Amino acid sequence: MPTDQDLLERWKDEPAPLLPLLHAFHERDSYLSDDALRVVSKGLRIPLADLYGTVTFYHHFSRVEGGRGRPRVCDGPICKLKGADTLLAELDGATAMPCAGRCDDPIPVLVEDRYMVGTPGSELAETPAPMPTPNPGEREECCFAHIRAEGRATLAGYRDTGGYRALARAVQEQTPGDVLDVVDASGLAGRGGAGFPTGRKWRAVADAPGEPKTIVCNADEGEPGCFKDRVLMDYDPHAVLEGMALAAYATGATRGFIYLRYEYPHTQAILERAIAEATEAGLLGQGILGTGFSFLIYVRRGAGAYICGEETSLLNSLEGKHPFPRNRPPYPVTHGYEDLPTAVNNVETLASVPQILDRGADWYRSLGEGEHAGTKIISLSGDVLRPGNYEVPIGLPLETLLFEWAGGPPPGRSIQAVTMAGLSGGFVRDLDVTLDEPCLRGRGSFLGAGGIMVFDDSRDMIEVARQAMSFFAHESCGKCFPCRIGTQRLTERLAGEAGPRNADVWRAEVHDIGHTMAAVSACGLGIAAPLITESLLRDFPDAVNAHLENGR
Amino acid sequence: MSAKLTLDGREVLFEEGETIYEIARRSKKDVPTLCYDDRLDPLGACRLCVVELEGARNPVASCTTMATDGMVVRTSTEAIEKHRKTLTELVVSENPRGVEIDPLRGMASQELALLAVRYEADGSRFEGATSGRSRKDDPNPMILRDYDQCISCYRCVRVCAEQEGDYAISVENRGFQTRITTEFAGFLEDSACTFCGQCVQTCPTGALGDLRALQNADVPGEIEKTRSICPYCGVGCSVDILSKDDKLVGVQPAMDGPANEGALCVKGQFAWEWVQHDDRLKTPLVRKDGELVPASWDEAFERAAEGFRGVEAKHGRHAIYAVASGRAPHESAYSVQKFVRAGFGTNYIDNCSRA
Ligand SMILES: Cc1cc2nc3c(=O)[nH]c(=O)nc-3n(C[C@H](O)[C@H](O)[C@H](O)COP(=O)(O)O)c2cc1C
Ligand code: SF4
Ligand code: SF4
Ligand code: SF4
Ligand code: FES
């Protein structure tokens, strides 16, 4: 067994050492003891009180002996429908974890680093995540174009299907400016939620003073109902690495991090193997393909905190600080990792880039419907016959996806509502929308990271809303007042635990809280969370009335 | 000042690097805050300082937003005031209702109470679970930790880190479960705390309180403040002596003290009870047959003068060395050095203060 000193020596001079060092102690001891924290505090020169506070921020770090080995059962919105509560009761010492990113499968259970799925009464099985089915609309794809090819996850398989061609051409024949021009012209925008134009972000990093520059691949995928980044990393890891390398070449960055959510341990192994393969082949590391361009990638595993997907909270987490989001401006493009220029990009955004550079901006633009440029992966789950990841042309009618591609609701049922952007976009009841930001924002929602959960007419929307809000309350970082207190008060009101009995007063309170949260919260979590209650009040007034008459 | 912005319809000049809040404050705008302490890096937690900024989709926190040339800012619109009212009602709802916060708890302890009055937030809206968890079990005799009153503004944590450099306290958990804690959720005396009291004085709710001062909560009378300098050491921290009638009831640091800007150490902050202690001497004492006995001032002066003269005659003036007490008034300290320097013509004068 490694000694404290061994672990410290292994990590203390690495970039972003806190999380991997804590994980090393967590693995060795099965929890984070006081003594371990003392060693880490001294070794990394972090004040003990700060370290203690930061460790308690993360859901998965256990402070009780044996804690790491206790089963964590997903009780996300879709797993709840599949009996997560029963499974939780069945498994000895099990605790709940928020959506673990496998909503198109049975219920995920994490035991140490084993990721299994199962349903109540059945055996748990360690099976790979479902591969996306061939595009049901026979639409041309970008990210999924080659993902189903045999051996695509290996370097050889990736190269057989055109992989690393774009990178080789970029570093050997193109200037960074050429790469930026193509990405700009493609219309690619962030696929992690905010939809910021990728070319503009990269250009800002390229233009910003300060070195070294950093590329961060945001693989935190904490949004309930989103499981697309996992599929990309599991089945097409080199596309993500190539995308990062292209981003680095375009911006002048020399180091990269993949910030991976805790719940994907096997994905970490896949990524690390791919990085080793690519480095071995001279596609990553020092002097890439014999040029003067160097770029190193490090994988860092999160520890259970949805907010760490928010880019500035992520950067604080990487730096070993308390993961509150930062105040912006300044933005990460000028003041990111270690206050230096940094591009934070989502997995899907990065995985699109090699294809775009290989096949051209016009090709990518043309994949969208009408005016819209490109594609978006939708993670579809819940009450549809064929849940899964679908790469859709941006602008595709939602009904086409739900009914033609995914088979519609179970027989005899109708769709009551879907969520958008995982939970962050609230509920959409009128399904006559197209999957693009202008349309969805016009309906008071947004596409975001592209998680859509379907609830049929048998579901209790108040209960679904309560679960959603309690997720946001659980994940609120606690930095700003409107979100910290607001998510709690809204959860209590949806649960019928507290709040006024008079229906009009109840609605006024819920609306006032949501209105202020949306307007003045410090980050996207608090801004988006009240879309749940706002859409509930707007689209389900009868359910709200019934809740107020019965429950309260 | 080169840049200018429009603040509530009037043009204001400002210096690069100023925040909207700083400009608003010096322009006498009453922008409310709870998480703000001008000595600390702005955190942007309470969101009460939000203002409307033309061209921005949402209101912005003025404390964390740098002013830029040409900005058009409105500090108090109907919509902004409504958000502030809702925020105040929310924050009031997280503490138990109806607790009187004695001003002796600390310098900033009335901030939340005053804000609640301003926005008529009486605790009747947004009822639900309370968030604080008191640590009145902490046995230290100086700092009350009544976290039932805490609103998680993190001023205490930031002042401890940024001003005192002690990092004794931090933030545990997240969201509504957030608590102020020490390492391993222990007591202050087992932490890195130096009991400087700065966290107490910046706390806007009285969740942290000055236990020494609170012993005088029931003493009748209005609190009066007298500006002075802490006598304990050569730094010269400015303090406000709190008194009720002629009784000393507490000490608070002066924010505008040039040497300390609101900081004190444990001695200046908490060690003043001896002033009114029963064990203090009330008459001079002289030694007779080896016993100390009460004497008149004349008799005591006679005896002291006799002793000094004897030493000077026998060993010379440089044999005399005086140490003034840090607990004596400044006037006495001044007199002692005058007495030694001018009276005896020697420089052997010192003070016990070595903080
Ligand atoms: C609460 C919150 C959680 C987020 N979680 C993620 C996430 O898990 N993955 C992600 O890529 N972006 C997430 N984002 C968005 C990031 O802040 C950021 O916009 C994104 O990573 C930028 O990459 P992109 O431009 O490629 O989309 C989140 C944002 C918020 C406010
Ligand atoms: S909105 Fe919520 S998650 Fe974001 S900073 Fe505020 S408390 Fe934290
Ligand atoms: S008394 Fe001073 S050292 Fe102790 S916690 Fe408060 S600010 Fe920190
Ligand atoms: S104890 Fe006081 S200063 Fe500290 S967070 Fe709570 S309310 Fe703010
Ligand atoms: S003073 Fe600006 S957010 Fe608190």
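The values are calculated or read from the model by the stated rules, or taken from the named source; none is laboratory data. What you see is a predicted model; the values in this text were computed from it and never measured. Note that we place each Cβ from the backbone using ideal geometry, even for glycine, and neighbour counts take in every protein chain shown. Only protein heavy atoms, including side chains, enter the accessible area calculation; ligands, DNA and RNA are left aside. Shrake-Rupley method; radii C 1.70, N 1.55, O 1.52, S 1.80 Å.
Here are the numbers for this structure:
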quantity	calculated
Looking only at segment B:170-187, and only at residues there that are touching a Pro at 6+ places or on another chain (Cβ under 9 Å) and of a type outside the set (K, R), the one that is farthest from A:T491 (Cα to Cα)	B:F187
Subset of segment B:78-116 (residues that are modelled with pLDDT under 95 and open to solvent by 20 Å² or more (accessible area, probe 1.4 Å))	B:P96, B:R97, B:G98, B:V99, B:E100
Residue within segment A:401-413 that is more than 24 Å from A:T533 (Cβ to Cβ), among the aromatic types (F, W, Y) and not assigned by TED's automatic domain parsing to the domain that holds A:M469 present	yes
Subset of segment B:36-77 that is surrounded by 16 or more Cβ atoms within 10 Å (Cβ to Cβ), among the hydroxyl-bearing types (S, T, Y) and within 10 Å of chain A (Cβ to nearest Cβ) - its residue that is nearest to A:S476 (Cα to Cα)	B:T64
Contacts under 8 angstrom Cβ, first residue in segment B:282-311 being open to solvent by 50 Å² or more (accessible area, probe 1.4 Å), partner of a type in the set (A, V, I, L, M, F, W, C) and part of a loop (DSSP other than H, G, I, E, B), 6 or more apart	B:T283/B:A295; B:L285/B:A295; B:R303/B:A295; B:F308/B:I320; B:V311/B:I320
Some residue of segment A:396-411 being in a strand (DSSP E or B), within 22 Å of the chain's Cα centre (by Cα) and aliphatic (A, V, I, L, M)	no
Selection from segment B:167-208 of residues that are within 14 Å of chain A (Cβ to nearest Cβ), under 26 Å from B:C237 (Cβ atoms) and more than 12 Å from ligand 3 (Cβ to nearest atom)	B:P204, B:T205
Of residues in segment A:304-324 being part of a loop (DSSP other than H, G, I, E, B) and crowded, with 24+ Cβ neighbours inside 10 Å, the one nearest to ligand 1 (Cβ to nearest atom)	A:E310
Counted residues, segment B:232-279 - those being in a loop (DSSP other than H, G, I, E, B) and crowded, with 19+ Cβ neighbours inside 10 Å	10
Positions within segment A:115-140 being surrounded by fewer than 20 Cβ atoms within 10 Å (Cβ to Cβ) and in contact (Cβ under 8 Å) with a residue 24 or more places away in the chain, in sequence order	A:T119, A:P120, A:G121, A:P128, A:P130, A:M131, A:T133, A:N135, A:P136, A:G137, A:R139, A:E140
Strands (runs of 3 or more DSSP E) enclosed by segment B:129-194 - at least 3 residues per element that are within 19 Å of the chain's Cα centre (by Cα)	B:143-145
Residue within segment A:515-532 that is more than 13 Å from ligand 2 (Cβ to nearest atom), small (G, A, S) and over 20 Å from the mean Cα position of the chain (by Cα) present	no
Test: residue in segment A:228-245 that is at pLDDT 95 or above, of a type in the set (K, R) and open to solvent by 10 Å² or more (accessible area, probe 1.4 Å)	no
Criterion violated by A:T291 - all others in (1) over 21 Å from A:G163 (Cα atoms); (2) over 26 Å from the mean Cα position of the chain (by Cα) satisfied	(1)
Scope segment B:175-190; condition open to solvent by 20 Å² or more (accessible area, probe 1.4 Å) and either in contact with a Ser or Thr (Cβ under 7 Å, 6 or more places away or on another chain) or charged (D, E, K, R) (or both); matching residues	B:R179, B:E183, B:E189, B:D190
Tabulated pairs, segment A:323-336, first within 16 Å of ligand 5 (Cβ to nearest atom), second hydroxyl-bearing (S, T, Y) and in a loop (DSSP other than H, G, I, E, B), C-beta under 6 angstrom, 6+ apart or interchain	A:N327/B:T64
Where A:G448 falls short, out of the listed (1) assigned to a loop (DSSP other than H, G, I, E, B); (2) under 25 Å from A:K228 (Cβ atoms); (3) open to solvent by 10 Å² or more (accessible area, probe 1.4 Å)	(3)
Residues of segment A:355-367 satisfying the condition of being under 23 Å from the mean Cα position of the chain (by Cα) and either of a type in the set (S, T, N, Q) or open to solvent by 10 Å² or more (accessible area, probe 1.4 Å) (or both)	A:Q355
Residue check for B:Y119: surrounded by 15 or more Cβ atoms within 10 Å (Cβ to Cβ), within 14 Å of chain A (Cβ to nearest Cβ), over 21 Å from the mean Cα position of the chain (by Cα) and within 16 Å of ligand 5 (Cβ to nearest atom)	yes
